[in-house]
Amino acid sequence: MQVRNAIAFAIPFFLLFMALELFVGRARGRRGLYRLPDVLADLGCGVGQQITMVFAGGAILAGYTLLYDRFRLVTFSPSSLVPWIIAFFAVDLLYYAWHRLSHEVNVLWAAHGVHHQSEDYNLAVALRQSIVTSFTALPFYYPMAFLGVPPIAYAATVGFSTLYQFWIHTELVGRLGPLERVLNTPSHHRVHHAVNPQYLDKNYGAVLIVWDRLFGTYAPEEASPVYGTTKPLASFDPVWAQVQLYAALASRSRRLRGWDRLRVWWASPAWDPGGETPPSEAELLARPKHDPPLAAWVRPYAAAQFAPLVAATFLMILLQMTAPRSSLAVAAALALATLLAVGALLDGRRWAVPLELSRLCLVAVAVAVVRPPGATGALLAACAALLAALSGGWVVVTARGAARRARAAPGTAPSTPRSQAARAAG
């Protein structure tokens, strides 16, 4: 669990480097580098993934340890560096294999595609992760146990690979000279996240780029990348982001006949019996980013409600071995409610405000029920109830005011997208 704690302690540094990237980007005139709704969606996906690992991370490591204890073919000295060297190169090669198949097999892409849905490219995108990919990678990593790689070496090298990939999600770092021959760099990874036809399914590496060069999946950065997926998500809801590709795959399966209904799950995402023509590069370049109109209050309110969620996630990771499981389960349920409500607000759903008011009530009740005993717990419950009441009152007053202004705006027809969004948010 030391590796999980390392992830927890890395969270403040992730946020610090995101702030630094934003500052440097603005200093260079890159004002559109970060869009708040997209950032919140990215972080929401990351929160979901980390909370899932609070409950599943121990079991994943226990499974690896069981294989290592019972079936390893080699036993190295505890002081030997050999298993660490094996672990580093094995993790990198096996990550390449998993990553490549995650782009070539629909059922794996349905999980990994979450990481590619953002139409921006910044450090926040690095944190946009599926709650499923930690499990889809296990059949690739677990064979390391047979090679005698100890659990600590396995966990540490996977953790290092994950942390390394954070910094390569940026547009502000150019090419790095000779390092580009060996290491995966921001330039290489921009290619990987691009949907330009010449960039699709390229540069799968984690720390090293050598596997792409060896196996013919390398492409240099030349044309300006267009980010996202060929079929856009068109949503800032982190919960919908986690399931949308599965829903689309199930929908495709229902439309097919015979064995194709099963084949589609294991086929390539490019396989399309219907013959739908993929968008051209010109269409991709002309495609506007998803940016629905929102009432002015929604963005700052969503950010304010998201801040304690990030703090709670940090504490859940840090205390996962000592906190009661019931308390962790309640915290996870509140986190899910927050992600649902924030996503609905950012997508301008009609039911967003009622959902948010219900969530605030749920937070107050949950804290009152599971609070620590004594005066400290009573104070915590009182503060939660007060903050929920203030937030709820602010939402009602502000949303109604925004809706009235939208209806009163001259020349604003009720059927326009802007007025619909205003009514949905208000």
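Restricting the range 138-169 to residues that are open to solvent by 10 Å² or more (accessible area, probe 1.4 Å) and not in a helix (DSSP H, G or I), which is farthest from Q50 (Cα to Cα)?
P150
Of all residues in the range 97-137, count the ones that are open to solvent by 10 Å² or more (accessible area, probe 1.4 Å) and touching a strand residue (DSSP E or B) at 6+ places or on another chain (Cβ under 8 Å).
Within the range 97-137, residues that are open to solvent by 10 Å² or more (accessible area, probe 1.4 Å) and touching a strand residue (DSSP E or B) at 6+ places or on another chain (Cβ under 8 Å) number 1.
Is it the case, given these coordinates, that L67 is over 19 Å from A155 (Cβ atoms) and in contact with a Phe, Trp or Tyr (Cβ under 8 Å, 6 or more places away or on another chain)? Full working, then the answer.
On the way: over 19 Å from A155 (Cβ atoms): no; in contact with a Phe, Trp or Tyr (Cβ under 8 Å, 6 or more places away or on another chain): yes.
For L67, the condition - over 19 Å from A155 (Cβ atoms) and in contact with a Phe, Trp or Tyr (Cβ under 8 Å, 6 or more places away or on another chain) - is not met.
Being open to solvent by 50 Å² or more (accessible area, probe 1.4 Å), within 15 Å of V367 (Cβ to Cβ) and outside any helix (DSSP H, G or I) is the filter here, so list the residues in the range 308-342 that pass it.
Result: P324, single match.
Does D201 satisfy the condition of being part of a helix (DSSP H, G or I), in contact (Cβ under 8 Å) with a residue 12 or more places away in the chain and of a type outside the set (G, A, S)? Spell out how you get there, then give the answer.
On the way: part of a helix (DSSP H, G or I): no; in contact (Cβ under 8 Å) with a residue 12 or more places away in the chain: yes; of a type outside the set (G, A, S): yes.
Criteria not met by D201.
What are the residues in the range 266-277 that are open to solvent by less than 100 Å² (accessible area, probe 1.4 Å) and under 29 Å from D347 (Cα atoms), if any?
Our first condition is that a residue be open to solvent by less than 100 Å² (accessible area, probe 1.4 Å); within the range 266-277, this holds for 267-275.
Passing the criteria: P269, A270.
Which of the residues spanning the range 44-62 are surrounded by 14 or more Cβ atoms within 10 Å (Cβ to Cβ) and out of contact with any Pro (no Cβ under 8 Å at 6 or more places or on another chain)? Full working, then the answer.
Here is the first cut: in the range 44-62, the residues surrounded by 14 or more Cβ atoms within 10 Å (Cβ to Cβ) are 44-55, 57-58, 60-61.
Selection gives G46, Q49, Q50, I51, T52, M53, V54, F55, G57, G58, I60.
When the range 63-87 is examined, which residues are found to be touching a residue at least 12 places away in the same chain (Cβ under 8 Å), closer than 24 Å to S134 by Cβ and surrounded by fewer than 13 Cβ atoms within 10 Å (Cβ to Cβ)?
Result: F71, single match.
Name every residue in the range 170-186 that is surrounded by fewer than 21 Cβ atoms within 10 Å (Cβ to Cβ) and either part of a loop (DSSP other than H, G, I, E, B) or of a type in the set (S, T, Y) (or both), in order of residue number. Walk me through it before giving the result.
Start the filter on the range 170-186 by keeping residues that are surrounded by fewer than 21 Cβ atoms within 10 Å (Cβ to Cβ), which leaves 171-183, 186.
Residues satisfying the conditions are E171, L172, V173, G174, R175, L176, V182.
Are any residues in the range 366-376 in a helix (DSSP H, G or I) and in contact with a helix residue (DSSP H, G or I) (Cβ under 9 Å, 6 or more places away or on another chain), and if so, which ones?
Residues satisfying the conditions are A366, V367, A368, V369, V370.
Looking at the range 221-235, can you tell me whether even one residue there is aromatic (F, W, Y), surrounded by 14 or more Cβ atoms within 10 Å (Cβ to Cβ) and either touching a residue at least 40 places away in the same chain (Cβ under 8 Å) or not in a strand (DSSP E or B) (or both)?
Here is the first cut: in the range 221-235, the residues aromatic (F, W, Y) are 227.
Going one step further and asking which of them are surrounded by 14 or more Cβ atoms within 10 Å (Cβ to Cβ), we end up with 227.
Now restrict to residues that are either touching a residue at least 40 places away in the same chain (Cβ under 8 Å) or not in a strand (DSSP E or B) (or both): 227.
Yes, the conditions are met somewhere in the range 221-235.
Condition first: over 21 Å from the mean Cα position of the chain (by Cα), in contact (Cβ under 8 Å) with a residue 40 or more places away in the chain and farther than 18 Å from S235 by Cβ. Can you find one or more residues in the range 331-350 that meet it?
No, the conditions are met nowhere in the range 331-350.
So that you can scan it fast, the table gives a plain yes or no per residue for (1) surrounded by 20 or more Cβ atoms within 10 Å (Cβ to Cβ); (2) among the charged types (D, E, K, R); (3) under 20 Å from G228 (Cβ atoms); (4) modelled with pLDDT under 90:
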{"position": "L284", "(1), (2), (3), (4)": "no, no, yes, yes"}
{"position": "R287", "(1), (2), (3), (4)": "no, yes, yes, yes"}
{"position": "P300", "(1), (2), (3), (4)": "no, no, no, no"}
{"position": "A344", "(1), (2), (3), (4)": "yes, no, no, no"}
{"position": "L362", "(1), (2), (3), (4)": "no, no, no, no"}
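Can you tell me how many residues within the range 265-315 are among the charged types (D, E, K, R) and in contact (Cβ under 8 Å) with a residue 24 or more places away in the chain?
First, the residues of the range 265-315 that are among the charged types (D, E, K, R): 272, 276, 281, 283, 287, 289, 291, 299.
Retained after the next criterion (residues that are in contact (Cβ under 8 Å) with a residue 24 or more places away in the chain): 281, 287, 289, 291, 299.
Looking only at that region, the number is 5.
The values are calculated or read from the model by the stated rules, or taken from the named source; none is laboratory data. Predicted model only: the values in this text are computed from it and were never measured. Cβ: placed from backbone, ideal geometry, glycine included. Neighbour counts: every protein chain shown. These area figures cover heavy atoms from the full protein model, side chains too; ligands, DNA and RNA do not enter into them. Shrake-Rupley method; radii C 1.70, N 1.55, O 1.52, S 1.80 Å.
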